[in-house]
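In what follows, a structure is listed as structure tokens, so that the remarks can point back to it.
What follows is calculated from the coordinates using simple rules that are stated; it is not laboratory data. Note that the structure is predicted; figures quoted are calculated from it, not measured. Heads up, the Cβs are rebuilt from the backbone with ideal geometry, glycines too, and the neighbour counts pull from every protein chain shown.
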Amino acid sequence: MFSAKILKLLTSPLSQSNPITVQILGICSALAVTAKLKPAFVMALSVTVVTAFSSLIISMLRNTIPSRIRIIVQLVVVAALVILVDQILKAYVYDVSKQLSVFVGLIITNCIIMGRIEAFALGNKPWPSFVDGIGNGLGYGIILVVLGFVRELLGAGTVWGYPVFEKIGIYHTGYTNNSLMLLPPMALICVGIIIWIQRSRNKNLIEK
Amino acid sequence: MKALRNIVDKMKPNFEKGGKFSKLHSTFDAFETFLFVPKTVTRQGSHIRDCNDMKRVMIVVVVALLPALLFGMYNVGLQHFRAVGLPDAALMQCFWFGFLKVMPIVLVSYIVGLGIEFGVAQARGHEVNEGFLVSGMLIPLVMPVDIPLWMVAVATAFAVVIGKEVFGGTGMNIFNPALLARAFIFFSYTPFISGEKVWVAGLTKGEGIVDGFSGATPLTDAANALAEGAGTVTYTGGSGPMDWFLGTIPGCIGETSTLAILIGAAILLYTGVASWRVMLSVFAGGYLMGLLFNLIGLNAVMDMPAYYHLILGGFAFGAVFMATDPVTGSQTNAGKLIYGFLIGAIAVLIRVVNPGYPEGMMLSILFMNAMAPLIDHYVVEANIRRRNRRLKLAK
């Protein structure tokens with residue numbers, strides 16, 4: 001159940017084949033929802049759930065789906081899961097769901113999900129597909145959480161809504177929040193810096 | 001001079017390969033070539049290839065910036081003494097006050113920027129890039145005088161690392177580093193670089209303001225008139241176009257005096273360091289755009305005489321020192337004309353149409369920096385097509 005091969009499916013998307021920093025997928029939502037940590041975390045969780053279960057379902061159906069209409073079938077499965085996630089968010093964390101607004105619905109178009117289904121779930125058994133979905137969701141999530149943490153801390157001086165900088169009393173020294181951090185362009189630069197750090201540590205990832 | 005040369009020569013072997021301090025080779029090389037013209041000329045990077053090396057070219061620009069810097073220091077003092085009700089302060093008194101206010105900003109910009117440059121060069125083992133000699137002087141000149149020093153440090157670090165080193169150092173950057181530093185502060189710490197108080201030393205801390213004194217720049221006045229829907233713009237800084245041309249008005253440290261900037265422009269043009277095509281076409285673009293808005297004439301700002309735009313705000317400074325940057329601008333002659341013209345036109349467009357940004361020069365130059373390669377591409381394509389046609393006709 002947890003052979004080395006399966007574990008690798010879980011861990012490699014966290015660094016070596018990270019969906020955001022290596023495959024450069026799902027960038028839009030990574031820029032749009034990471035101004036605060038909480039929505040970023042909820043978004044990461046939602047995408048992980050959708051990726052895992054859509055991979056699982058498609059993998060179970062893979063031998064019965066005619067290949068000419070497979071995209072339609074995949075979309076139906078993914079859309080159903082996204083609506084489910086959206087309803088749950090609205091029921092239990094309404095404020096976060098309002099902040100995420102349209103981006104929950106847009107999980108359907110997230111390249112990571114379709115990418116994993118097309119590249120992995122269609123050719124593998126349900127259990128590895130499920131683990132692969134979780135792994136890629138987490139790889140996406142870890143970048144989102146890092147971005148959300150950095151942007152919220154430097155942009156608003158809070159972490160998960162808790163006013164860290166105010167409690168330390170750093171504002172008395174003349175420090176001011178950096179409002180550029182809350183704008184999407186800075187998120188893009190932050191992603192760039194993460195990619196820079198990752199590639200300088202792991203030379204194999206540098207393109208020729 | 002000879003004694004200095006001897007000292008440098010004696011120290012040199014220590015820094016060569018295998019010497020005691022060979023790790024510090026980049027640092028030593030930077031100082032040696034700064035003091036003496038080296039035997040090598042620039043071979044790559046920025047496209048300047050003649051008997052001068054890059055450091056000499058950069059020094060000319062720094063010299064051209066001196067009039068603006070010196071006048072800026074004087075003006076900082078002048079505005080301050082006007083604000084506290086001592087309009088008759090002596091020239092030297094004004095200058096000394098301004099000197100003490102401006103010098104820390106210059107020092108912070110140079111220390112942070114050169115610190116990073118030296119560190120990176122040392123780590124990568126190549127020679128120190130000269131570009132920052134100019135950027136380090138440009139950054140303080142486009143800052144308001146009351147800017148907190150740590151913001152200058154953060155912005156300079158951002159501009160050097162993200163704006164330049166990431167792309168491969170001097171000669172490889174897409175955007176003008178000095179403007180990038182200003183844009184960083186503009187979007188990060190907006191209240192510290194816009195509004196009516198930051199342009200005069202001490203106003204933000206509420207140091208005595210005389211009745212009737214306003215720290216607003218003429219462009220802020222224009223934006224206010226637009227926001228209020230007033231029929232005409234009421235200018236509070238200076239008594240008219242002559243004051244604006246001389247620069248005795250509130251504004252960024254180096255940008256107020258069009259006269260001092262024109263002296264710098266003369267130096268740049270005489271030595272052939274900057275391109276007259278860019279400079280001329282920026283002014284032409286701004287002026288023609290101003291005339292166009294005069295024709296439309298829907299509100300007070302559109303009715304502003306077109307030449308006002310050329311002497312107000314950072315227009316002249318941007319045209320002379322920022323747009324002419326050989327690295328980030330267009331390279332072809334026709335391209336330079338288009339590039340400059342659009343900078344001027346877009347700057348005036350932003351000023352007049354968007355009340356959120358009273359000054360459009362920074363955004364316009366950064367935008368055209370990004371467009372410059374595209375302009376060059378089409379200029380070169382057009383040239384190839386023209387010559388092809390000629391070839392066919394000859395056949």
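For this structure, a couple of remarks:
- Whole-percent pair-distance distribution, where bins are 10 Å wide, for the alpha carbons of the range A:41-110: 20, 48, 23, 8, 0
- Taking a Cβ cut-off of under 12 Å around A:Val145, the surrounding Lys, Arg, Asp and Glu residues balance to a net charge of +2, with basic ones at +1 and acidic ones at -1.
- Per residue, the convex hull volume that the Cα atoms of the protein assembly as shown enclose (Å³): 255 Å³
- The peptide list B:272-280, B:3-11, B:153-161, put in order of mean Cβ contacts within 10 Å with the highest first, becomes B:153-161, B:272-280, B:3-11.
- Positive-end residue, the range A:16-200 charge dipole about Cα centroid, Cβ charges, pick of A:Met60, A:Leu183, A:Ile193: A:Met60
- When you restrict to C-alpha pairs under 8 Å that are six or more residues apart and normalise by the size of the range B:267-395, the relative contact order lands at 27 percent.
- Listed cross-link partners A:Lys8/A:Lys36; A:Lys36/A:Lys98; A:Lys5/A:Lys125; A:Lys8/A:Lys38; A:Lys5/A:Lys203; A:Lys38/A:Lys90 are compared with a 19 Å cut-off, the Cα-Cα value being larger for A:Lys8/A:Lys36; A:Lys8/A:Lys38; A:Lys5/A:Lys203.
- Mean separation of Cα contacts under 8 Å, 6 or more apart, over the residue count of chain B: relative contact order %: 16 percent
- Over the protein assembly as shown: helical MRE at 222 nm, DSSP H runs n ≥ 4 each giving -39500 (n - 2.57), nearest 500: -20500 deg cm²/dmol
- Both numbers refer to the Cα atoms of chain A; Rg and Dmax are 18.5, 66 Å.
- The range A:1-76: chymotrypsin sites (Phe, Trp or Tyr not before Pro) in DSSP coil with no more than 15 other Cβ atoms inside 10 Å: A:Phe2
- By the Cα gyration tensor, the range B:257-395 has an equivalent ellipsoid whose semi-axes, rounded to whole angstrom, run 30, 19, 13 from largest to smallest.
- Compactness of the range A:1-98 as Cα Rg over 2.2 N^0.38 Å, two decimals: 1.24
- The mean number of Cβ atoms from other chains found within 10 Å of a Cβ in peptide A:180-186 is 3, as a whole number.
- Cβ charges +1 (Lys, Arg) and -1 (Asp, Glu), total dipole of the range A:16-200, debye: 280 debye
- Here's the picture: charge each Lys and Arg Cβ at +1 and each Asp and Glu Cβ at -1 in chain B, and of B:Tyr308, B:Val353, B:Val62 the one pushed furthest to the positive end of that dipole is B:Val62.
- Here the convex hull built on the C-alpha positions of chain B has a volume of 168 cubic angstrom per residue.
- Look at the alpha carbon pairs under 8 Å that are at least 6 residues apart: their mean separation over the length of the range A:16-200 gives a relative contact order of 36 percent.
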